[in-house]
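A short reminder: the numbers here are calculations on the coordinates, not readings from a lab. Everything numeric here is computed off the predicted structure, so don't read it as measured data. Please note: Cβ atoms are built from the backbone with ideal geometry, for glycine as well, and neighbour counts cover all protein chains shown.
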Amino acid sequence: MMRLLHADALLPGDGTTVLDGALLLDAGVVRAVGRAADVLPAHAGVVVERVRGVVFPGLCNAHTHVELSGMRGRTPPGAGFVPWLEALQRARAEELEEERDAAIDAAIAGMREACVVGVGEVSNGLSAWSRISRAFFGTIWHEVFALDRARGLEQVERLSATRDAMAPGNANVRWVPAPHALYSTHPDVIRRLLELAGDAPITIHLAEHAAERAFVKDKSGPLGGFYASRGLGEATAAFPAAGTHPIAAARALGLLRPGAALVHLADARPEELDGLAESGAIVVLCPRSNLTIETRLPPLHALRAAGVRLALGTDSLASSPSLDPLAEARALFERNPDVPAVELIAAATWGSAQAIGWPSLGRFAVGASPGVVASEGLPSGVDPSAWLLRTRTAPRRLLVPAGGSS
Ligand SMILES: [Zn+2]
């Protein structure tokens, strides 16, 4: 079915703004996009749907852990990463399966209400995979934590059996194996996971906090004690320190490659970002999670100055108040009002669609099927992106569902 939308403002997802714009779709696939003065006369026979507000592509959440949704309120805010992780592990051990599943369902409903259409889910048990694939497109990264080399390699060999047992009937959400982080996964295990991933989009938590920096460099800092308390003293002793900062260590392992979704970089320093943009990797920011766990924000200005492509994720409800990527954009905009709002919206749409390896989502480009969201009530003379991030009262409606294929 042809639909012709005429809106006060279109945000195509690529960082541009089209005031008084129009969008033509056929069965959810974009056929034309541009100024209303150009698009409307060219399709004079099609009924025009007038939207008094802003129209933008369906949102993509490039990093979340829906399977941890039951952990909301179970971790201490502001205490730093290791106390947060200890509390998370205790709470997960006590969680009942039905509680977990109810929390997953509620989290998925919340994302749909926020007009999310694409998801990058990081998962240990794949427990949310089939339900996510009924609601969204995207990638499920099957995550491996393994300080010990031999046990890690065995774990990698078992992944495909778990995948086969848990795979949903549709192909909306692709499976890709992934390491958790440099400080939790042996480098040989990371290399093996990269081989298995092949050309698929990869991800890793990177440069998230000071504990990571210390452990990756020379195994100092609080993580050694945490591992010893878990009976991992021997594995820690055998673990090879990289002798450098996390981004350099990731580069040495081949993790900085086109399309790689590098999550957090909250602890990255400006001088460590050289060459990151040229690698083609995408940085996925989860600012509200960083604020919750470590009371810090990622270095947004340095990342922009370095020309790095940005995406947005929420992390899980164990560290973030919601799974809405536009709320992440708002959190950054409130603290960095000099950054163009339209760039942050691009991160939550096209940037995040690229990070999850689903290029038919995230932007109004001819041939794409990103879904269409409308927020009505835009006052005249106001920057539509800034309004979208500042207003908390304009509801979003998914006017056209996403129909992407990879
Ligand atoms: Zn995460």
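Would you mind computing the Rg to Rh ratio of segment 59-355 from its alpha-carbon coordinates, Kirkwood style for Rh?
Details: Rg = 17.7 Å, Rh = 19.0 Å.
Checking Rg against Rh, the ratio lands at 0.93.
Between segment 355-375 and segment 206-263, the C-alpha centres lie 35 angstrom from each other. When the Gaussian network model of the chain links Cα atoms closer than 10 Å, the mean-square fluctuations of 347, 135, 311 top out at 135.
Going through segment 179-226, which trypsin sites (Lys or Arg not before Pro) have at most 12 other Cβ atoms within 10 Å and a DSSP loop state?
Of the trypsin sites (Lys or Arg not before Pro), not one in the loops of segment 179-226 has a Cβ with at most 12 other Cβ atoms within 10 Å.
As a proxy for reagent exposure, 2, 71, 166, 111 were ordered by neighbouring Cβ count within 10 angstrom, fewest first; the result is 2, 166, 71, 111.
Share of antiparallel DSSP beta bridges in the chain, in percent to the nearest 5? All intermediate terms of the calculation are to be shown ahead of the outcome.
Details: 23 of 59 bridges.
Taking every DSSP beta bridge with both residues in the chain, the antiparallel ones total about 40 percent.
Dipole of the chain computed with +1 at Lys/Arg Cβ and -1 at Asp/Glu Cβ about the Cα centre; of 59, 170, 255, farthest Cα towards the positive end is 59. Using a Gaussian network model of the chain with C-alpha springs under 10 Å, which one of 176, 39, 117 is most mobile by mean-square fluctuation? For the chain, modelled as a Gaussian network with Cα springs under 10 Å, the answer is 39.
Remark: 345, 204 ranked as 204, 345, counting other beta-carbon atoms within 10 Å and listing the fewest first.
Among 250, 302, 318, the residue with the largest mean-square fluctuation in a Gaussian network model of the chain, with springs joining Cα atoms closer than 10 Å, is 302. Among 152-164, 323-335, 10-22, sorting by the average number of other beta carbon atoms lying within 10 angstrom of each residue, highest first, gives 323-335, 10-22, 152-164. The magnitude of the dipole of the chain, with charges of +1 and -1 set on the Cβ of Lys/Arg and Asp/Glu and taken from the Cα centre, is near 340 debye.
Based on the Cβ-Cβ distance from residue 74 to residue 98, what FRET efficiency comes out when R0 is 22 Å, to the nearest 0.05? Walk me through the numbers before you get to the answer.
Details: r = 17 Å, r/R0 = 0.75.
The calculated FRET efficiency here is 0.85.
Straightening the chain between residue 237 and residue 154 buys 27.9 nm, computed as 0.36 nm per residue apart minus the Cα-Cα spacing. The length gained on full extension between residue 390 and residue 200, counted as 0.36 nm times the residue separation minus their Cα-Cα distance, comes to 64.8 nm. With the simple model of a label 7 Å out from the Cα in the direction of the Cβ, residue 43 to residue 87 spans 5.0 nm.
Given R₀ = 35 Å, what would the calculated FRET efficiency be for residue 26 paired with residue 112, taking r from the Cβ atoms and rounding to 0.05? After rounding, the FRET efficiency stands at 0.90.
For the pair residue 278 and residue 302, label points projected 7 Å from Cα toward Cβ lie 1.9 nm apart. With neighbours defined as other Cβ atoms within 10 Å of a residue's Cβ, the residues 145, 56, 136 order from fewest to most as 145, 136, 56. Once a ≥ b ≥ c are taken as the square roots of the eigenvalues of the Cα gyration tensor of segment 134-273, is the result rounded (a/c under 1.5), prolate (a/b larger than b/c) or oblate (a/b not larger than b/c)? It comes out oblate by the Cα gyration axes.
For the pair segment 35-64 / segment 99-148, the C-alpha centres are spaced 29 Å from each other.
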